[in-house]
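Quick note: the coordinates plus some simple rules give every number you see, no bench work behind them. None of the values given here were measured: they were computed from a predicted structure. With ideal geometry, Cβ positions are generated from the backbone for all residues, glycine too; neighbour counts draw on all protein chains shown.
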Amino acid sequence: MRKRIRTAVIGLGVVGASVLATGGASSHGYPNLPISRQALCANGTVKNCGPIQWEPQSVEGPKGFPSGGPADGRICSGGNGQFAQLDDPRGGAWPATKVTGGQKYTFTWRLTAPHATTDFRYYLTRSGYDPKQPLTRAALDTRPFLTVPFNGTRPGTTVSHQGTIPADRTGKHLIVGVWTIADTGNAFYACSDVQF
């Protein structure tokens, strides 16, 4: 009997540690459209991504972007060192979603733990952006081209926003999605590579 109890306790400890290690206790959200770097890692399209492949929803960092938030060169990872692979430009070889300047687009997020939300904001890199370099604010138009206010309400598990892709870009660019949480000091960050 004691042996069975001890085995059960050890088993529960392993399960609990696994849940904590995989982020099950702190899951949140990421964009599917246009597909984000973390989603590409999670679905296996991009390899050698490190822990983000198991935690695409966990790219959380300080809010206040662009005046605050993660440092230049660490924006795509939200400043989170364990997800640094998201900041690596991979020589400009991240797969990109095809878009057309001026087109209407539906931006979609998958949320695994909806939070009281201030807003969702979308930023685009400037003309002349080099996809072979880590992302900096200097390479980004720091005025969002789309802001969707939530005023502290909680979104559902799938969130879609209608917007218009800026018309004055060509070539490869990055869209940075920022989901700002109302009742914590953090936001969630995601970089989506796009090809005009």
Through the Karplus equation 6.51 cos²θ - 1.76 cosθ + 1.60, θ set to phi - 60°, convert the phi angles of the stretch 154-171 into ³J(HN,Hα) values in whole Hz; use x for Gly and Pro. 9, x, x, 7, 10, 10, 10, 10, 8, x, 10, 5, x, 8, 9, 10, 9, x
What ranking of L135, L40 emerges when the number of other C-beta atoms within 10 Å of each C-beta is taken as an exposure proxy, fewest first? L40, L135
Sequence-distant or interchain residues sharing an amide H contact under 5 Å with T97, placed H: which? D193, V194, Q195
Averaging sequence separations of C-alpha pairs under 8 Å and six or more residues apart, then dividing by the length of the stretch 60-196, give the relative contact order as a whole percent. 34 percent
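Among L86, L33, which comes first, second and so on when ranked by fewest other beta-carbon atoms within 10 Å?
Numbers: L86 27, L33 16.
Ascending number of Cβ neighbours within 10 Å: L33, L86.
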When Rg is the radius of gyration of the Cα atoms in the stretch 65-104 and Rh is its Kirkwood radius, what does Rg/Rh come to? 1.10
Theoretical FRET efficiency, 1/(1+(r/R0)^6), r = Cβ-Cβ of R90 and A167, R0 35 Å, to 0.05: 0.80
Whole-Hz ³J(HN,Hα) from phi, Karplus 6.51 cos²θ - 1.76 cosθ + 1.60, for the stretch 141-146, glycine and proline x: 6, 7, 9, x, 7, 8
Find the all-direction average of the projected area of the Cα convex hull for the chain, expressing the result in square nanometres with one decimal place. 12.2 nm²
